Amino acid sequence: MEIRYELKSEKERRSEPLQPSEPLPFGVLRTDHMFIMDYEEGEWKNARIVPYGDIPIAPGAITLHYGQAIFEGAKAFCHDDGEIYTFRIDKNAKRMNKSADILCIPNIPEEIQIEAVHSLIDVDRLWFPKQEGASLYIRPFIFATQDSLGVHPSSSYKFMVIMSPSGPYYPAGFTKPIKLLITERFHRAAPGGTGSSKAAGNYAASLRAGEFAKKFGASQVLYLDTTNTYIEEAGAMNHFHITKEGEVVIPEFVDSVLRSITSESIMELSDRLDIKVTQKRVKIKEFIEEVKAKNITEAGGLGTAAVISPVGEYAFEDGGTLVVGDGNIGPNTRKIYEYYTGIQTGKVEAPEGWLKKVERKV
């Protein structure tokens with residue numbers, strides 16, 4: 001892929017590494033540039049890196065009316081050698097194309113997606129935050145641009161990548177367990193829908209549930225399937241729990257559950273971690289009973305942004321609560337988190353292909 005560079009002048013661009021004096025918020029800052037590529041007349045073309053800024057869009061663009069938009073979330077880390085490495089970016093590219101299939105968006109070859117991300121990081125590498133626990137959060141996304149009020153797949157699209165130097169997703173970091181609300185009131189997705197894609201509309205649909213959960217002091221809702229029988233997701237994350245024997249259980253990837261790259265990675269690391277990881281459908285009633293009986297001692301959510309969000313307790317609409325274990329971060333959860341983030345930051349040897357060095361070209 002040939003990329004055209006339209007960069008800020010040397011005076012306008014960052015000239016020194018980013019060294020924040022205070023902990024960075026998640027997802028707020030932007031780097032100097034962004035990547036854009038257009039889909040027109042049946043092909044992806046006009047790849048370019050330009051200064052970050054607003055883009056023109058027709059008021060009748062299909063994405064604004066019918067939500068034909070998808071995105072990904074990935075991270076890059078600076079290692080002790082001073083180089084920046086993306087983490088499992090090939091998995092993000094593969095999942096982007098799966099989302100594209102579900103929303104009738106043309107695929108982008110995985111190698112082109114990766115080149116776009118790496119080229120942008122190379123241009124803005126001085127934006128990597130020199131701060132403990134920080135990362136460069138990467139947001140690739142595709143949206144429909146055709147100006148049409150008919151309900152049909154767009155004939156034109158934009159693929160873009162923007163980046164955000166970020167601290168931990170939760171301000172407290174991996175120090176304080178969160179609370180989830182167990183309710184039958186809301187459902188994230190239905191079978192046969194878009195639940196297994198990173199469709200923008202899935203997240204819009206979760207906002208009401210999230211606001212409702214706050215009334216009970218919870219961070220998010222523990223989503224059940226549409227029959228209110230099985231656990232599906234923990235807010236915007238995959239759910240997991242750990243038994244007193246140390247077995248990690250992740251709900252099965254049915255078509256109403258997003259296949260988390262973090263979940264997949266932990267399953268692949270089971271031998272290294274010396275833990276048993278099982279996927280199965282988890283009945284909410286049985287889960288509650290097992291937590292009460294102390295047969296389930298740890299639980300939480302798995303996702304790129306937070307990596308692991310330990311859950312200390314679950315709330316109910318009647319005001320009751322369900323404490324997991326002793327309510328604190330469990331030893332198995334901590335072990336998984338430290339090993340996983342150790343791979344990301346280069347402190348632990350990564351499985352082959354998990355880390356990709358961002359080459360210096362510009």
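The values are calculated or read from the model by the stated rules, or taken from the named source; none is laboratory data. Because the structure is a prediction, the values reported are computed rather than measured. Heads up, the Cβs are rebuilt from the backbone with ideal geometry, glycines too, and the neighbour counts pull from every protein chain shown.
Some points to look at:
- Residue within region 261-268 that is of a type in the set (Val, Ile, Thr), in contact with a Leu (Cβ under 9 Å, 6 or more places away or on another chain), assigned to a loop (DSSP other than H, G, I, E, B) and not assigned by TED's automatic domain parsing to the domain that holds residue 143 present: no
- Looking only at region 34-61, and only at residues there that are among the charged types (D, E, K, R) and not in a strand (DSSP E or B), the one that is nearest to the chain's Cα centre (by Cα): 54
- Whichever residue in region 108-145 is assigned to a loop (DSSP other than H, G, I, E, B) and either outside the structural domain of residue 40 (by TED's automatic domain parsing) or buried (at least 19 other Cβ atoms within 10 Å of the Cβ) (or both) and, among such residues, is farthest from the chain's Cα centre (by Cα): 145
- Note on region 236-257: among residues that are of a type in the set (Val, Ile, Thr) and part of a loop (DSSP other than H, G, I, E, B), the one that is surrounded by the most Cβ atoms within 10 Å (Cβ to Cβ) is 257.
- Only residues that are of a type in the set (Asp, Glu) and buried (at least 24 other Cβ atoms within 10 Å of the Cβ) were counted across region 211-234, and they come to 2.
- From the list 9, 21, 15, the lone residue that is of a type in the set (Ser, Thr, Tyr), within 15 Å of residue 125 (Cβ to Cβ) and surrounded by fewer than 15 Cβ atoms within 10 Å (Cβ to Cβ) is 15.
- Within region 96-107, none of the residues are in contact with a helix residue (DSSP H, G or I) (Cβ under 9 Å, 6 or more places away or on another chain), at pLDDT 95 or above, farther than 24 Å from residue 361 by Cβ and of a type in the set (Gly, Ala, Ser).
- Close contacts from region 70-99, counting a first residue that is β-branched (Val, Ile, Thr) and a second that is assigned to a loop (DSSP other than H, G, I, E, B), with Cβ to Cβ under 7 Å and a gap of 6+ residues or different chains, come to 70/103; 70/105; 70/197; 70/198; 84/128; 84/358; 86/358.
- Conditions (1) closer than 30 Å to residue 171 by Cα; (2) of a type in the set (D, E, K, R); (3) in contact (Cβ under 8 Å) with a residue 12 or more places away in the chain; (4) loosely packed, with under 13 Cβ neighbours inside 10 Å: number failed by residue 32: (4)
- Residue 332 meets all of the listed conditions (1) among the polar types (S, T, N, Q); (2) touching a residue at least 40 places away in the same chain (Cβ under 8 Å); (3) under 22 Å from residue 223 (Cβ atoms); (4) in a helix (DSSP H, G or I) but one, namely (3).
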